[in-house]
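A.B. asks: Before I ask anything, let me first share the structure, which is written out below as structure tokens.
The values are calculated or read from the model by the stated rules, or taken from the named source; none is laboratory data. All values reported here derive from a predicted model rather than from experimental measurement. Glycine gets a Cβ as well: all are built from the backbone with ideal geometry, and neighbour counts include every protein chain shown. With ligands, DNA and RNA removed, areas are computed over all heavy atoms of the protein, side chains included. Shrake-Rupley method; radii C 1.70, N 1.55, O 1.52, S 1.80 Å.
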Amino acid sequence: MSTFVKNAWYVAAWSKDVGRELLPRTILGEQILLYRREDGTPVALVDRCPHKLAPLSVGRLKGDFVECGYHGMTFDCSGACVRVPGQQSIPRSAHIRSYPLVERYNAVWIWMGVPELAEATPIVDVPHYEDAGWGVVDGQYLHFKTNYLNITDNLVDPAHTSYVHRNTIGNEAGEDVGVQVEQGASHVLAYRWIKDAPPVALVARMGQFTGNVDRWQYYYLYLPSVSCVDFGSIAAGVEPTEENKDKGIRSFSFNFLTPETESTTHYFWLHVRNYHPADAQASDDVAHLMNLTFKEDADLLELVQIEQERTGVREYTGLAIDNAPVRIRRMIEGLRAQEQPEQAGQTAAARRASQPAFSS
Ligand code: FES
Ligand SMILES: [Fe+2]
């Protein structure tokens, strides 16, 4: 059974990767074709010709239209067929689905669900993205060979940093520090403060601390799969307030998870920071460290996926630190249950639309 939530905005690609070449990408198990019109507007269509199911991505762009590479049927940006070589009439079923897109944060976001719901659904807010006092690293991509829910589990789980990331962003100081959990209508927050402990390596370098620090980790997960990790450090002994966080070394690490298949996930990430905002070397250091860190997650979560597939179960001994991951999974199940009637309707419509496109 699918684990995907369709009525949500997902990053389909970084803006820089969508151009006048046909870009195929699997998203929520569907074959999608991305490109830009001549005026720069991005387009997303099903990457499948309704004639013999040839991928349109092996065809070519003609102006704003896509020409199938098998027999030349041609489609406009809405998915309507505008030409069938060798015949005058265009079969009524010669239409492919197009998807709503929005460009924000240098990314192209796609809506895979009921189109009418797209406009009223906001895209997550990335604080300080356009603030000159903050440095940005964006355009980053990793491919995880694991179901996206294994990653959402991980991204509301501060406790794993002491172990998985011992050599990058974690250290032993946090091993026995408990996690608090708060739940909103469409997000879960897992957080903790690790008080009066030595700074982790990056913070020690960037913050020039001379003594111990208070370190915070606030893991927000916005349904279904946008993660924001607010983390940083400040000289030990302050009140744990938002204002004091801004006085320390602070980062917002955003992870946009787009399910590719049930066992693979596109992992787009960006990072904003309040230290050395215009320093290219600091940006390179952040990109290098975060990519190392996420690779540590990927290596572990890919092994978890293999074991889940081998055993056919996702069972584990429940621990106190699972509070937030369990809430996320329940909330996602709730969203999926709401969508099922719509998905059933879409499946019937898709079956009808996939009838062979014979001409009359
Ligand atoms: S498969 Fe596309 S036109 Fe025949
Ligand atoms: Fe991690």
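A.B. asks: Under a plain spin-label model, where a point goes 7 Å from the Cα along Cα-to-Cβ, how far apart in nm are residue 241 and residue 300?
C.D. replies: Taking the simple label geometry, residue 241 and residue 300 are separated by 3.4 nm.
A.B. asks: Right, another one. Please report the relative contact order for the stretch 113-253, taking Cα pairs under 8 Å with a sequence separation of at least 6, and give it as a percent rounded to a whole number.
C.D. replies: So the answer I get is 18 percent.
A.B. asks: Counting residues in the stretch 135-335 as N, plug N into 2.2 N^0.38 Å and put the Cα Rg over that result.
C.D. replies: In units of the globular-protein estimate, the stretch 135-335 measures up at 1.01.
A.B. asks: Oh, and also: Could you check how much of the accessible area of the chain is carbon and sulfur, as a whole percent, using a 1.4 Å probe?
C.D. replies: 52
A.B. asks: Can you grab the distance from the C-alpha centre of the stretch 267-339 to the C-alpha centre of the stretch 142-199, Å, no decimals?
C.D. replies: 9
A.B. asks: Also, quick follow-up: Would you mind checking the tilt of helix 323-353 against the longest principal axis of the Cα atoms of the chain, expressed as 0 to 90 degrees and rounded to 10?
C.D. replies: The angle comes out at about 10 degrees.
A.B. asks: Please give the direction-averaged projected area of the C-alpha convex hull for the stretch 183-230, in square nanometres with one decimal.
C.D. replies: Dividing the Cα hull surface by four gives the mean projection, 3.9 nm².
A.B. asks: Additional query: With every protein chain present, what is the per residue accessible area of the chain (1.4 Å probe, Å²)? Intermediate values should be presented prior to the final figure.
C.D. replies: Working: 17070 Å² over 360 residues.
Spelled out: the 1.4 Å probe surface of the chain, per residue, equals 47 Å².
A.B. asks: What's the longest bit of the chain with no exposed GluC sites (Glu not before Pro), using DSSP loop states and at most 13 other Cβ atoms within 10 Å as the test? Don't jump to the answer; show the numbers that get you there.
C.D. replies: Numbers: sites that count: 21, 38, 119, 130, 175, 315.
Within the chain, the longest run free of exposed GluC sites (Glu not before Pro) spans 176-314.
A.B. asks: With charges set only on the Cβ (+1 for Lys and Arg, -1 for Asp and Glu), what does the dipole of the chain come to about its Cα centre, in debye to the nearest 20?
C.D. replies: Dipole magnitude for the chain comes out near 1380 debye.
A.B. asks: While we're on this one: Please report the projected area of the chain's Cα convex hull averaged over all directions, in nm².
C.D. replies: Numbers: hull surface 79.2 nm².
Mean shadow area of the hull around the Cα atoms is 19.8 nm².
A.B. asks: Using Cα positions and a limit of under 28 Å, work out the lysines in reach of residue 6, with same-chain residues fewer than 8 apart set aside.
C.D. replies: List returned: 16, 52, 145, 295.
A.B. asks: Pick from 92, 310, 83: which is most flexible by mean-square fluctuation in a GNM of the chain where alpha carbon atoms under 10 Å apart are linked?
C.D. replies: 310
A.B. asks: If you don't mind, there's one more thing I want to ask. Whose amide H sits under 5 Å from the amide H of residue 83, counting only residues 5 or more places off or on another chain, with H placed in the peptide plane?
C.D. replies: When sequence neighbours closer than 5 places are left aside, the close amide H contacts are 74.
A.B. asks: Does the stretch 240-316 classify as rounded, prolate or oblate by the C-alpha gyration tensor (a ≥ b ≥ c root eigenvalues; a/c under 1.5 gives rounded; else a/b over b/c gives prolate, otherwise oblate)? Walk me through the intermediate numbers first.
C.D. replies: Details: a/c = 2.97, a/b = 2.13, b/c = 1.39.
Verdict is prolate for the stretch 240-316.
A.B. asks: What range in the chain is the longest one free of chymotrypsin sites (Phe, Trp or Tyr not before Pro) that are in a loop by DSSP and have at most 15 other Cβ atoms within 10 angstrom?
C.D. replies: My reading of the result: 71-315 is the longest stretch.
A.B. asks: Viscosity 0.692 mPa s, temperature 37 °C: Stokes-Einstein D of the stretch 18-99 from its Kirkwood Cα radius, in µm² per second?
C.D. replies: Working: Rh = 12.5 Å.
For these conditions, the coefficient is 263 µm²/s.
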